[in-house]
Amino acid sequence: MKKYKGIFFDWDGTAVLSRKAPADEAVAAMKGLLLQGVKLVIVSGTTYENIAGGKLEDYFTNEELGHLYLGLGRGAYNYQYEEGRPVVFEDRIPSREDLLRIHDAAYGIHRELLRDYGLPTEIVFLRPNYCKIDLMVENDRKDQLFMQENELDLLKKSLTAHGIQGGLHEMTALAVRMGEKYGMQLKATCDAKYLEVGISDKSDNVDVIMGELERKFGMQIGECCFWGDEFVGLEDGIYGSDSFMITDRTRGGDFFDVSSVSGARPEPVVPLGGGVERFLKFLWEQQKA
Ligand SMILES: [Mg+2]
């Protein structure tokens, strides 16, 4: 396999099995590459506290941290390290007024789904620039935060049973319509269980960090690869959260999916399967490549 200079990867379900699983194996596989100066970029929907217990910097030396970047919070925050401390170098944080508009839109979605279809939902308001709406409140993922094999089918069945014929398209269209109602241009994504409604997504993270790597190191997109476990198409034309790493700017990179979920993936994605183990094996191989 070719030697990459920039490796972008999802965290939950790609580098670690679950948020609460120890990060040691991922860290061990990352260290050697960072020492070689390979740029590693964690791209995750979660926030800094949820990566390795919020103590990721404790696992690495300052020298290693100099080559590590994080794009977190679904496009909200982009981090690099300065003298071993995480520093946000670019963000997409709305004003409080705009954040409340996003909350209004999320509640509007909840209200319309319950009023017109009897579909109960639950909203997480605590995210910095989006809301997370649980469309399947009865299906608990427990500690496994990544998409489960049968969730798509369960969601489609549930939507149909509630009289929603347009599936996920109808959910994302509802989100965009509700955003317009409250004066916000919203981006909506759906990974089956969760409809996420906000002003940025993983595409903002990879574009910002790729721009930084180009500017600082002259990195070319052909020298980069992108790994995730949620590329699979949920419906015609709607793909999972990691597919947002594919942008006009990053399309020339190599994309790999470690999930074994069956279904359509966006065109450039190579399905490998093998889960976390497959990705960590790749990191070890890259050290010797
Ligand atoms: Mg994942």
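Looking across the stretch 145-196, just one residue is in a loop (DSSP other than H, G, I, E, B) and of a type in the set (Lys, Arg), and that is 193.
May I ask you to verify whether residue 30 is at pLDDT below 95, of a type outside the set (Phe, Trp, Tyr) and over 27 Å from residue 129 (Cα atoms)? Considered against the rule, which asks whether it is at pLDDT below 95, of a type outside the set (Phe, Trp, Tyr) and over 27 Å from residue 129 (Cα atoms), residue 30 comes out as no. Picking from residues in the stretch 148-183 that are under 23 Å from residue 259 (Cβ atoms), touching a strand residue (DSSP E or B) at 6+ places or on another chain (Cβ under 9 Å) and buried (at least 16 other Cβ atoms within 10 Å of the Cβ), the one that is modelled with the lowest pLDDT is 152. You will find that of 240, 233, the residue that is farther than 24 Å from residue 208 by Cα, under 15 Å from the mean Cα position of the chain (by Cα) and not polar (S, T, N, Q) is 233 and no other.
Give the residues of the stretch 86-112 that are over 28 Å from residue 212 (Cα atoms) and either touching a residue at least 60 places away in the same chain (Cβ under 8 Å) or touching an Asp or Glu at 6+ places or on another chain (Cβ under 7 Å) (or both), sorted by residue number. Can you show your working first?
Let us first name the residues in the stretch 86-112 that are over 28 Å from residue 212 (Cα atoms), namely 97, 100-112.
Those that are over 28 Å from residue 212 (Cα atoms) and either touching a residue at least 60 places away in the same chain (Cβ under 8 Å) or touching an Asp or Glu at 6+ places or on another chain (Cβ under 7 Å) (or both): 101, 102, 104, 105, 106, 108, 109, 112.
Contact map, the stretch 11-32: first residue under 19 Å from residue 202 (Cβ atoms), second residue at pLDDT below 95 and more than 16 Å from the ligand (Cβ to nearest atom), Cβ cut-off under 9 Å, separation 6 or more or different chains; pairs are 16/22.
Among the residues making up the stretch 33-53, those that are out of contact with any strand residue (DSSP E or B) (no Cβ under 8 Å at 6 or more places or on another chain) and at pLDDT 95 or above are 35, 36, 37. Those residues that are modelled with pLDDT of 95 or more and of a type in the set (D, E, K, R), I need them from the stretch 56-82; list them, please. Result: 57, 58, 63, 64, 82.
Taking the stated definitions as given, is residue 229 of a type in the set (Asp, Glu) and over 19 Å from residue 72 (Cα atoms)? Against the criterion (of a type in the set (Asp, Glu) and over 19 Å from residue 72 (Cα atoms)), residue 229 does not qualify. The combined condition, being over 15 Å from the mean Cα position of the chain (by Cα), modelled with pLDDT of 90 or more and under 26 Å from residue 94 (Cα atoms), is not fulfilled by residue 196.
The values are calculated or read from the model by the stated rules, or taken from the named source; none is laboratory data. The model shown is predicted, which means the values in this text are computed figures rather than measured ones. Here the Cβ is made from the backbone with ideal geometry for all residues, glycine too, and neighbour counts use every protein chain on show.
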